[in-house]
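Asker: Starting off with a structure, shown below.
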Amino acid sequence: MPAAPSPRILILGATGGLGRALHRHFAPKCETVRWGRAELDFERPAMIPEKLAAQPFDVLLNAAGMTSPDACEMQPEIAQLANVTAPQILAECCQARGARMIHFSTDHVFSGELHERWVEADATQPVNVYGRTKRDGEMAVLQASPNALVARVSWLFGPDKASHPDHIIQRALQAAELSAVEDKISVPTSNADICGWIEQLIHAQANGVWHLCNGGSASWHSWAEAALQIASVIGLPVKTTSVRPIKLAELAQLKALRPLMTVMNNAKLQNLLGSEMRHWREALEDYLVKNYRAP
Ligand SMILES: NC(=O)c1ccc[n+]([C@@H]2O[C@H](COP(=O)([O-])OP(=O)(O)OC[C@H]3O[C@@H](n4cnc5c(N)ncnc54)[C@H](OP(=O)(O)O)[C@@H]3O)[C@@H](O)[C@H]2O)c1
């Protein structure tokens, strides 16, 4: 049987951390177009149908959205446009032309109350505007396009945008006194690994809600110490590898509430792929060795 032709892919959020990683992954394999805010502004949702109509594609990867919980809390109308209204219109357009939409969402859809690892079917109960708009966006996308796939991800890291491990390493190059929150728990996840999983989900024609995360779990504190230990082993002149644990409640500057325990269960993905997702430490080591070790 001849192999199925590669789908033409349109990536939104091309200036973001995940959007950049998706483009690097897919561009060598298939026809790939990337759009940032300059090409499609979610704050002007009426423009979406016309813009999409002029662009050929088979699969739309939506990695765009308002992703800062504090910004969403302060500007809920813009969060609604970026995380709900625009994704809904994108899904309607995809449905009308027979294209598939893959929409990225978040572990912030969960309440964060103590719980086993959250599975896809668990009830959502967001505690902030970011989580509520992302949850409403998921529902709007799936209602408009039943073939769409919602990929919930958590605590992303990778070479395209500095995140927690990069920030803590930069701080440890300057100072020996560091602190990080120990009572907020989720799963650090490699953007590069997500790209591979998305490719397989596209080939499997999967739809519905999926949890895409590496194995294990961490707090911001244990994630920070792991990053510093790896940094030290690969020869970065960090001034410490130990971090003082603090409580989330001590971070008075945060505008939005944060859910405490949002570790997601990735068994559904594991069953589809027939293998375990690697532990986040292994993925983190891979990232830091490739991007920080001197040649
Ligand atoms: N990063 C994480 O740890 C994390 C955790 C859980 C879930 N997620 C989800 O994963 C997805 C990708 O996250 P990310 O970390 O790659 O996000 P990111 O780096 O913040 O990138 C967001 C992208 O969305 C674009 N965007 C924002 N507002 C827009 C608007 N009004 N119109 C058009 N584009 C707009 C940004 O463009 P500009 O560059 O112009 O602002 C950027 O390209 C999001 O759905 C996020 O909710 C991320």
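The values are calculated or read from the model by the stated rules, or taken from the named source; none is laboratory data. Keep in mind that what you see is a predicted model, and the values were worked out from it rather than measured. Virtual Cβ from ideal backbone geometry, glycine too; neighbours counted across all protein chains shown.
Asker: One residue is enough: does segment 68-76 have a residue meeting the conditions of a type in the set (Gly, Ala, Ser), near the ligand (Cβ under 9 Å from one of its atoms) and either surrounded by 19 or more Cβ atoms within 10 Å (Cβ to Cβ) or modelled with pLDDT under 95 (or both)?
Answerer: Checking segment 68-76: not a single residue is of a type in the set (Gly, Ala, Ser), near the ligand (Cβ under 9 Å from one of its atoms) and either surrounded by 19 or more Cβ atoms within 10 Å (Cβ to Cβ) or modelled with pLDDT under 95 (or both).
Asker: Could you grab me the full set of residues in segment 143-165 that are assigned to a loop (DSSP other than H, G, I, E, B) and more than 11 Å from the ligand (Cβ to nearest atom)? Before the answer, list the steps.
Answerer: First, pick out the residues of segment 143-165 that are assigned to a loop (DSSP other than H, G, I, E, B): 145-148, 154-155, 158-163.
SER145, PRO146, ASN147, ALA148, PRO159 - these are the residues of segment 143-165 that are assigned to a loop (DSSP other than H, G, I, E, B) and more than 11 Å from the ligand (Cβ to nearest atom).
Asker: Let me spell it out: the conditions are (1) under 17 Å from the mean Cα position of the chain (by Cα); (2) assigned to a loop (DSSP other than H, G, I, E, B); (3) away from the ligand (no atom under 14 Å from the Cβ), and ALA252 meets all of them except one. Which number is the exception?
Answerer: The single condition ALA252 does not satisfy is (1).
Asker: Filter segment 77-89 down to the residues that are within 11 Å of the ligand (Cβ to nearest atom) and in contact with a Leu (Cβ under 9 Å, 6 or more places away or on another chain) and list them by number.
Answerer: Within segment 77-89, ALA86 is the sole residue that qualifies.
Asker: Then there is this: Name every residue in segment 253-283 that is buried (at least 21 other Cβ atoms within 10 Å of the Cβ) and farther than 30 Å from GLU73 by Cα, in order of residue number.
Answerer: Selection gives LEU269, MET277, ALA283.
Asker: Right, something else. Out of all the residues in segment 120-130, is one or more near the ligand (Cβ under 10 Å from one of its atoms), surrounded by fewer than 24 Cβ atoms within 10 Å (Cβ to Cβ) and under 19 Å from the mean Cα position of the chain (by Cα)?
Answerer: Scanning segment 120-130 turns up no residue that is near the ligand (Cβ under 10 Å from one of its atoms), surrounded by fewer than 24 Cβ atoms within 10 Å (Cβ to Cβ) and under 19 Å from the mean Cα position of the chain (by Cα).
Asker: So which of LEU114, LEU52, LEU61 is within 16 Å of the ligand (Cβ to nearest atom), touching a strand residue (DSSP E or B) at 6+ places or on another chain (Cβ under 6 Å) and among the hydrophobic types (A, V, I, L, M, F, W, C)?
Answerer: When all the criteria are applied, what remains is LEU61.
Asker: Where the second residue is of a type in the set (Asp, Glu) and part of a loop (DSSP other than H, G, I, E, B) and the first is more than 23 Å from LEU269 (Cα to Cα) and lies in segment 113-129, which pairs have Cβ atoms under 6 Å and are six or more apart or on separate chains?
Answerer: Close Cβ pairs (under 6 Å, with a partner that is of a type in the set (Asp, Glu) and part of a loop (DSSP other than H, G, I, E, B)) do not exist here.
Asker: Report, by residue number, each residue of segment 169-192 that is assigned to a strand (DSSP E or B) and more than 18 Å from TYR287 (Cα to Cα).
Answerer: Correct list: SER179, ALA180, VAL181, ILE185, SER186.
Asker: Considering each of ALA175, ALA204, ALA192, ALA180 in turn, give the residue that is in contact (Cβ under 8 Å) with a residue 24 or more places away in the chain and farther than 30 Å from LEU236 by Cα. Steps first, answer last, please.
Answerer: Details: ALA175 fails: farther than 30 Å from LEU236 by Cα; ALA192 fails: farther than 30 Å from LEU236 by Cα; ALA180 fails: farther than 30 Å from LEU236 by Cα.
Checking each option against the conditions leaves just ALA204.
Asker: Only residues in segment 86-104 that are under 19 Å from GLY131 (Cβ atoms) count as the first member; pair them with residues that are away from the ligand (no atom under 16 Å from the Cβ), Cβ under 7 angstrom, at least 6 apart or cross-chain, and list the lot.
Answerer: What qualifies is GLN88/ALA144.
Asker: Something else about it: Please work out which one of (1) farther than 20 Å from HIS25 by Cβ; (2) surrounded by fewer than 18 Cβ atoms within 10 Å (Cβ to Cβ); (3) within 16 Å of the chain's Cα centre (by Cα) is the condition LYS161 fails and give its number.
Answerer: If we test LYS161 against (1) farther than 20 Å from HIS25 by Cβ; (2) surrounded by fewer than 18 Cβ atoms within 10 Å (Cβ to Cβ); (3) within 16 Å of the chain's Cα centre (by Cα), just (1) comes out false.
Asker: Just to verify a result, which residue in segment 77-97, among those that are under 24 Å from LYS29 (Cβ atoms) and within 22 Å of the chain's Cα centre (by Cα), is surrounded by the most Cβ atoms within 10 Å (Cβ to Cβ)?
Answerer: The selected residue is LEU90.
Asker: Condition first: at pLDDT 95 or above, under 28 Å from ARG258 (Cα atoms), in contact with a strand residue (DSSP E or B) (Cβ under 7 Å, 6 or more places away or on another chain) and within 13 Å of the ligand (Cβ to nearest atom). Can you find one or more residues in segment 19-41 that meet it?
Answerer: Yes, that holds for at least one residue.
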